[in-house]
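Peer 1: Mind having a look at this structure? Questions to follow.
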Amino acid sequence: MAGKYILARCSCGFATGGIIGKRVSCRRCGSNKNMVTESTYETGRELASSIKIANMPQQLRSEFYERIKKNKSYSSHKENIEPSKTFTKAITEITDINSEISMGDLEIYFDKYGHTKQDLLHCVGVAEIEGILTRTGPESWIVLDF
Ligand SMILES: [Zn+2]
């Protein structure tokens, strides 16, 4: 079933929306002689979004479609590293030559990976229980067994 809204493309390449039965003039060059109806729509809303897409450069247009297709699974693909993994990495990377590690260093590291201080304190707590860390001061530890 044909809709009452049409999308017409001018010979200049620009797409313009209109209503069936009414003469459509190109919004870019003003011509109404070479308008070819490309598609029809039921609602003005559908027409409006189609015009937007129709006038995008080709490459952008396909990216746009890709994004719409992927839209639902998009958020699940977001990178999300577990704090415990970051903690393991931190210990191997920032422990100094004396096997010492400080809260300040850990905080910077955790912040870099987007974790909270709460995550860090939790990981430190677990590491102390597991015997990986032994506290040498209020904010410093020695890495024992790793
Ligand atoms: Zn035109």
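What follows is calculated from the coordinates using simple rules that are stated; it is not laboratory data. The model shown is predicted, which means the values in this text are computed figures rather than measured ones. As a convention, Cβ positions derive from the backbone with ideal geometry for all residues, glycine included, and neighbour counts pool all protein chains shown.
Peer 1: What's the angle, to the nearest 10 degrees (0 to 90), between helix 58-70's Cα axis and the longest principal axis of the chain?
Peer 2: The two axes meet at around 60 degrees.
Peer 1: Continuing with this model, one more query. Output wanted: per-residue J couplings in Hz (rounded whole) for the stretch 116-124, from phi through Karplus 6.51 cos²θ - 1.76 cosθ + 1.60, θ = phi - 60°, x for Gly and Pro.
Peer 2: Those phi angles translate into 8, 5, 4, 4, 4, 4, 5, 5, 4 Hz.
Peer 1: Sort out the exposed loop GluC sites (Glu not before Pro) in the chain (DSSP loop, at most 16 other Cβ within 10 Å) and tell me the longest stretch that has none. All intermediate terms of the calculation are to be shown ahead of the outcome.
Peer 2: Values: sites that count: Glu42, Glu79, Glu130, Glu139.
In the chain, the maximal stretch lacking such sites is 80-129.
Peer 1: Assuming R0 = 35 Å, what is the FRET efficiency of Ser62 and Ile94, from their Cβ-Cβ distance, to the nearest 0.05?
Peer 2: Numbers: r = 44 Å, r/R0 = 1.25.
FRET efficiency, Ser62 to Ile94: 0.20.
Peer 1: Right, another one. Among rounded, prolate and oblate, which fits the chain when a ≥ b ≥ c are the square roots of the eigenvalues of its C-alpha gyration tensor, a/c under 1.5 means rounded, and a/b larger than b/c means prolate? Don't skip to the answer; put the middle values down first.
Peer 2: Details: a/c = 6.13, a/b = 4.52, b/c = 1.36.
It comes out prolate by the Cα gyration axes.
Peer 1: Taking the simple approach of a point 7 Å from Cα along Cα-to-Cβ for both Asn55 and Leu121, what is their distance in nm?
Peer 2: Between Asn55 and Leu121, the label points sit 5.5 nm apart.
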